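Remarks on the structure that follows.
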Amino acid sequence: MRSEMKKKYKLSLVMILILLIAGGGIYLLQHSMESKTNGTYKGHGGTFKNTLAEIDTPDPSVIYKNGYYYMTFTHGGTDIMVMKSRTLDFRQAERKVVWYPPADTSYSAEIWAPEIQFLRGKWYIYFAADNGNNENHRMYALESDSDDPMGSFSFKGQIKDDSNKWAIDGLVMEYKEKLYFVWSGWEGEVNAAQNTYIAPMSDPLTISGPRVLLSEPLLDWEKAGGPPYINEGHSILHKENRTYIVYSGAGSWTPYYALGMLALKPDADPLDPGGWIKSEQPLLSMDEEAGVYGPGHNSFVTSPDGSEQWIVYHATSGAADGWNNRKARAQPVSWNEEGLPVFGKALALSTPIEVPSGTGVFHAENAVRTGEQLVFSSLPSTFETTVPVLIHYSNTSGEQSSVTVKANDTPEVNLDLSPTEGEQTGYTYLPAVPFAEGMNELTFGLSGGKGEIIAIEIPRFEAETAAAEGNCEVEENPYASGGAIVSLYDKESSLRFTNIHVPHSGVYTISTAIMNSTQGKASLAISVNGGKQAVYPIEQQERNQISVVTMKLKLQAGANEISIFDRQGSFSIDYMDVWQENF
């Protein structure tokens with residue numbers, strides 16, 4: 001039944017051509033366009049909203065490597081799962097359990113807080129485990145058997161210092177080409193407090209010196225919910241010549257769980273407790289107004305282009321959730337005049353967040369090249385559809401060139417590549433590339449050697465990630481592009497798509513997927529960058545059918561905002577595609 005409804009949803013497309021009045025004039029296809037990019041183009045942009053996954057993802061550890069984000073987390077305490085995503089949004093990620101513990105060992109139960117790291121050319125996962133008794137928790141390590149963190153891992157044993165005391169939440173800190181292990185542990189055999197310890201390492205699997213106490217939970221906010229009093233969930237942040245340990249304090253079972261920080265003084269010895277400065281107040285804590293409770297156990301990850309740092313942490317949506325409903329969330333890190341990180345307030349689930357810089361630009365260097373073929377894989381889609389694809393290319397031959405493009409097993413099509421000059425990047429669109437449900441591949445044939453593919457993008461903007469205002473509702477829908485739609489119910493309702501970037505100024509085609517299964521008439525209005533509005537009718541369909549409303553908009557190079565207003569009736573928006581006619 002579901003597959004039949006999906007087929008109905010896919011094929012019931014009502015095409016409506018709209019010429020949008022923007023900036024006081026009607027822009028037709030023959031309107032002249034600028035041919036050069038204004039400024040630096042870093043991708044089509046857009047927004048996302050927390051959480052990062054629909055499943056519980058406590059203790060998230062995230063790393064960006066070779067064009068992909070990888071996340072591991074406490075997966076029920078029974079095994080270790082890794083997720084792989086092209087974006088920081090893991091809702092359509094590949095998922096795989098990479099390691100199951102053997103039965104009846106000291107590390108068979110309560111597998112907590114795995115940390116995935118790439119060190120000295122290899123992938124490692126550090127985790128805490130015990131035999132079913134919490135007092136026996138110790139730190140252990142896995143090493144990847146290949147270059148693929150979604151492949152198999154081998155168990156490498158315990159990571160221990162001479163004291164061999166209770167230990168959890170460990171990870172490796174790299175500092176001036178040396179390795180250190182940082183973890184949360186007990187001073188003795190009694191669970192009175194969890195302290196922050198550090199020890200030197202001779203390699204990623206071996207502690208080579210005694211543990212050093214860096215921090216005890218003595219501040220009032222660290223002691224909330226205790227005893228026991230807590231320092232745990234450590235993460236490492238580097239900025240130029242500074243290094244920071246960000247940790248979690250207060251009871252993880254309470255809404256008071258929050259993030260504190262130890263800052264290493266410039267050129268100080270990490271093994272000298274006096275070389276660290278502890279912040280008196282938490283850097284991120286619960287925000288009742290935003291509905292965020294117990295933000296903690298974070299990691300740091302870069303934007304795809306490496307220009308930004310992002311914090312990923314878990315939190316809940318209820319003050320009484322405790323250890324339930326902990327899901328990964330993210331927001332950008334800024335820096336104050338003293339060079340210290342600033343996380344700001346925890347963001348509400350309804351807040352649109354500009355995507356990390358460079359998101360959605362899939363570079364050829366991370367694709368698979370075989371002879372004259374270039375394959376981009378792991379391109380997700382929740383259902384069978386067509387998507388626009390923006391190709392970044394270079395063609396310095398001085399004459400027109402072409403490549404072939406094939407989506408999965410569909411027939412090849414030819415794509416013309418106009419000449420480019422010097423290091424200039426050319427941009428061209430394929431407006432309707434067929435995608436199947438699940439993961440997809442795009443294969444480029446590069447015969448002739450006159451054109452080179454630099455990167456690709458899929459400039460689709462999901463409605464559920466936009467700013468909904470007025471009488472709107474985000475609804476889950478298994479037949480929608482991103483798994484959800486936004487319903488607008490009256491004239492007070494609107495949806496703002498912000499941070500929409502295009503390579504150069506000009507006229508673009510905007511295809512908006514709309515559902516209207518109501519019995520009454522409906523219409524919408526469109527505005528670009530706060531300009532004039534144009535009102536248009538929406539055709540009525542059966543349930544889960546879609547109209548693709550196609551319009552022409554004049555967009556500027558850089559960021560744009562496209563607003564959709566409800567002018568009559570009610571309707572739902574699934575997504576918006578942006579592409580350009582190639583001349």
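The values are calculated or read from the model by the stated rules, or taken from the named source; none is laboratory data. These numbers come from a predicted model, not from an experiment. Please note: Cβ atoms are built from the backbone with ideal geometry, for glycine as well, and neighbour counts cover all protein chains shown. These area figures cover heavy atoms from the full protein model, side chains too; ligands, DNA and RNA do not enter into them. Shrake-Rupley method; radii C 1.70, N 1.55, O 1.52, S 1.80 Å.
None of A436, A468 is at pLDDT 95 or above, touching an Asp or Glu at 6+ places or on another chain (Cβ under 7 Å) and small (G, A, S) except A436.
I'm trying to understand the selection: among the residues of the range 342-375, which are in contact with a helix residue (DSSP H, G or I) (Cβ under 8 Å, 6 or more places away or on another chain) and either open to solvent by 60 Å² or more (accessible area, probe 1.4 Å) or farther than 26 Å from A559 by Cβ (or both)? Hit for the range 342-375 is L374, nothing else. Residues that are charged (D, E, K, R) and either out of contact with any strand residue (DSSP E or B) (no Cβ under 9 Å at 6 or more places or on another chain) or not in a strand (DSSP E or B) (or both) within the range 342-375 comprise K345, E365, E372, listed in sequence order.
Conditions (1) closer than 18 Å to H44 by Cβ; (2) of a type in the set (D, E); (3) surrounded by 17 or more Cβ atoms within 10 Å (Cβ to Cβ), marked per residue:
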position	(1), (2), (3)
S517	no, no, no
L555	yes, no, yes
N560	yes, no, yes
D566	no, yes, yes
S572	no, no, yes
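In the set (1) open to solvent by less than 10 Å² (accessible area, probe 1.4 Å); (2) out of contact with any strand residue (DSSP E or B) (no Cβ under 8 Å at 6 or more places or on another chain), E542 fails one condition alone, (1). Residue pairs whose Cβ atoms lie under 7 Å apart, separated by 6 or more positions or on different chains, with the first residue in the range 274-298 and within 18 Å of W335 (Cα to Cα) and of a type in the set (K, R) and the second open to solvent by less than 10 Å² (accessible area, probe 1.4 Å) and not in a helix (DSSP H, G or I), are K278/S215; K278/L262.
When the strands (runs of 3 or more DSSP E) confined to the range 1-82 are screened for residues that are open to solvent by 40 Å² or more (accessible area, probe 1.4 Å), modelled with pLDDT under 95 and over 26 Å from T351 (Cβ atoms), those reaching at least 1 such residues are found at 13-19. Answer yes or no as to whether E187 is in contact with a Lys or Arg (Cβ under 8 Å, 6 or more places away or on another chain) and within 20 Å of L262 (Cα to Cα). The answer is yes for E187. Taken together, the residues in the range 280-293 that are under 17 Å from L219 (Cα atoms) and open to solvent by less than 30 Å² (accessible area, probe 1.4 Å) amount to 1. Every condition in (1) surrounded by fewer than 22 Cβ atoms within 10 Å (Cβ to Cβ); (2) hydrophobic (A, V, I, L, M, F, W, C); (3) more than 30 Å from P419 (Cα to Cα) holds for I454 except the one numbered (3).
The set of residues in the range 100-123 being open to solvent by less than 50 Å² (accessible area, probe 1.4 Å) and within 14 Å of D169 (Cα to Cα) consists of I111, A113, P114, E115, I116, Q117. N191 falls short on exactly one of the conditions (1) open to solvent by less than 50 Å² (accessible area, probe 1.4 Å); (2) assigned to a loop (DSSP other than H, G, I, E, B); (3) more than 27 Å from H363 (Cα to Cα), and that condition is (1).
The residue that is most open to solvent (accessible area, probe 1.4 Å), among those in the range 574-583 that are at pLDDT 90 or above and not hydroxyl-bearing (S, T, Y), is W579. Within the range 480-515, the set of residues being under 23 Å from T385 (Cβ atoms), hydroxyl-bearing (S, T, Y) and open to solvent by 30 Å² or more (accessible area, probe 1.4 Å) is empty.
Return the residue satisfying two criteria in turn: it lies in the range 124-177 and is of a type in the set (S, T, N, Q) and not in a loop (DSSP other than H, G, I, E, B), and of such residues it is surrounded by the most Cβ atoms within 10 Å (Cβ to Cβ).
Residues of the range 124-177 that are of a type in the set (S, T, N, Q), as a first pass: 131, 133-134, 136, 144, 146, 152, 154, 158, 163-164.
Applying the additional criterion that residues be not in a loop (DSSP other than H, G, I, E, B) yields 134, 136, 144, 154, 158.
On the way: N134: 14, N136: 14, S144: 20, S154: 10, Q158: 16.
So the residue we want is S144.
If you go through the range 220-238, how many residues are open to solvent by less than 50 Å² (accessible area, probe 1.4 Å), over 23 Å from F73 (Cβ atoms) and under 33 Å from the mean Cα position of the chain (by Cα)? The number of residues fulfilling the criteria is 3. When the range 436-451 is limited to residues that are part of a strand (DSSP E or B) and open to solvent by 10 Å² or more (accessible area, probe 1.4 Å), the one that is farthest from D416 (Cα to Cα) turns out to be G438. Being open to solvent by 10 Å² or more (accessible area, probe 1.4 Å) and in a loop (DSSP other than H, G, I, E, B) is the filter here; which residues of the range 384-412 pass it? The answer is E384, T396, S397, G398, E399, Q400, N408, D409, T410, P411, E412.
Flag: Y489 does not match the condition of being touching a helix residue (DSSP H, G or I) at 6+ places or on another chain (Cβ under 6 Å) and touching a residue at least 24 places away in the same chain (Cβ under 8 Å).
Within the range 322-341, the set of residues being open to solvent by less than 40 Å² (accessible area, probe 1.4 Å) and not in a strand (DSSP E or B) comprises G322, R326, V333, G339.
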